[in-house]
Amino acid sequence: MPEQSHLTRRHWMKTAGALLVTGPAMAAEAVAAQPASPASFGPLKQIVTSDLNVAYVEAGPPTGQPVLLLHGWPYDIHSYVDVAPVLAAAGYRVLIPYLRGYGATRFLSDATPRNGQQAALANDALEFLNALKIEKALVAGYDWGARTACILAALWPERCRGLVSVSGYLIGSQAANAMPLPPRAELQWWYQFYFATERGREGYARYTKDFARLIWQLASPKWQFSEETFARSAQAFENPDHVAVSIHNYRWRLKLAEGEARFDETERKLAAFPTIAVPTITMEGDANGAPHPEPATYAKKFTGRYEHRLISGGIGHNLPQEAPQAFAQAVIDVDGF
């Protein structure tokens, strides 16, 4: 029952001070001092949507408030391996799907375009909730996952109880992406231009894991992840559609690849950069080496109750994995807004 679930969370938060410190900066510093976790999830579950057979993991009580956690590129569900137990212990039902092109998630038809555009990924997330008969969930993510979570909150607010988004408002458009940036900013997007070429596509296909490792290092320059931690996630890139979906995502952004007509109306709405009214916490690591906007540039896009948190301690782009306690606390806190 909802009342009992909330009581459980309140009791847990009072008694778990050693696990979750209240200051986000303190939490990040505590986590940054810990060695990389070798933990893993239990058996995968599978559920079918209109396009995909989605592989996902679930933690926590099945009657708990649902939390949808969405990973980014080039990462996987293990970004949340230390977040999920905290949320599960607090009484939440935690759901973490592999995105299209990752892990054991598969397309149902060879005829379906291996589309990586933002509307396709958002549609996948919405259909995942529909397949599980979840009417409303807390949604949270980083990188591709943050963009997808923002889209869900903007276009389908009735399905979102609250939002946690690393690097803030990440909804984009092809028109906005066509605008040139200052040279230093363009330099950070080197791989987007590389992927625009056939040499880049072939290079990513041939050196996928080497490429991903480099992105991890550049995006999180102070994260001393272990070989075991990287290898655990790198298995997800062996998906037969990973390269195609990844390349299409970045080519679509630059209008070098077509999207699907069925998503045209969604993209039209997103191109207007809709505001987000659901309760929101945005987060940023103090050592994020990946391209990301400044919080002041997107604060007004959140019109409901809103808070931004800077997580200190050398935290990079993969914030949930680098500062799991702080990320989990943000999810719990936004649920209480």
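Are any residues in the range 86-124 over 20 Å from Ile151 (Cα atoms), aromatic (Phe, Trp, Tyr) and open to solvent by 20 Å² or more (accessible area, probe 1.4 Å), and if so, which ones? The one that is over 20 Å from Ile151 (Cα atoms), aromatic (Phe, Trp, Tyr) and open to solvent by 20 Å² or more (accessible area, probe 1.4 Å): Phe107.
Looking across the range 32-47 at every residue that is exposed (fewer than 12 other Cβ atoms within 10 Å of the Cβ) and within 24 Å of Ser312 (Cβ to Cβ), the one that is modelled with the lowest pLDDT is identified as Ala33.
Residues of the range 207-254 that are in contact with a helix residue (DSSP H, G or I) (Cβ under 7 Å, 6 or more places away or on another chain), more than 23 Å from Asp286 (Cβ to Cβ) and part of a loop (DSSP other than H, G, I, E, B): Leu254 alone. Out of curiosity, is Pro74 more than 10 Å from Gly145 (Cβ to Cβ) and either among the polar types (S, T, N, Q) or open to solvent by 10 Å² or more (accessible area, probe 1.4 Å) (or both)? Against the criterion (more than 10 Å from Gly145 (Cβ to Cβ) and either among the polar types (S, T, N, Q) or open to solvent by 10 Å² or more (accessible area, probe 1.4 Å) (or both)), Pro74 does not qualify. Taking every residue in the range 276-297 that is of a type in the set (Ser, Thr, Tyr) and pairing it with any residue that is open to solvent by 30 Å² or more (accessible area, probe 1.4 Å) and assigned to a strand (DSSP E or B), at least 6 positions away or on another chain, the pairs with Cβ-Cβ distances below 6 Å are Thr280/Tyr306; Thr282/His308. For the range 276-287, the set of residues classified as under 23 Å from Val67 (Cβ atoms) and within 19 Å of the chain's Cα centre (by Cα) consists of Ile276, Val278, Pro279, Thr280, Ile281, Thr282, Met283, Glu284, Gly285, listed by residue number.
Results for (1) polar (S, T, N, Q); (2) in contact (Cβ under 8 Å) with a residue 60 or more places away in the chain; (3) open to solvent by less than 10 Å² (accessible area, probe 1.4 Å), shown as yes or no for each residue.
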| residue | (1), (2), (3) |
| --- | --- |
| Trp144 | no, yes, yes |
| Pro157 | no, yes, no |
| Leu163 | no, yes, yes |
| Gln174 | yes, yes, no |
| Arg184 | no, no, no |
| Trp190 | no, no, no |
| Phe193 | no, no, no |
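Annotation: of all residues in the range 240-279 being among the polar types (S, T, N, Q) and out of contact with any Leu (no Cβ under 9 Å at 6 or more places or on another chain), the one that is least open to solvent (accessible area, probe 1.4 Å) is Ser246.
Here Leu126 passes the criteria (1) in contact with a Lys or Arg (Cβ under 8 Å, 6 or more places away or on another chain); (2) in a helix (DSSP H, G or I); (3) under 26 Å from Ala212 (Cβ atoms) except the one numbered (3). The combined condition, being under 20 Å from the mean Cα position of the chain (by Cα) and either over 30 Å from Val278 (Cα atoms) or aliphatic (A, V, I, L, M) (or both), is not fulfilled by Leu187.
The values are calculated or read from the model by the stated rules, or taken from the named source; none is laboratory data. This structure is a prediction, so every number in the text was calculated from the model and none was measured. In this analysis, Cβ positions are derived from the backbone assuming ideal geometry, glycine residues included, and neighbour counts consider all displayed protein chains. Accessible surface is based on the protein model in full, side chains and every heavy atom, while ligands, DNA and RNA are left aside. Shrake-Rupley method; radii C 1.70, N 1.55, O 1.52, S 1.80 Å.
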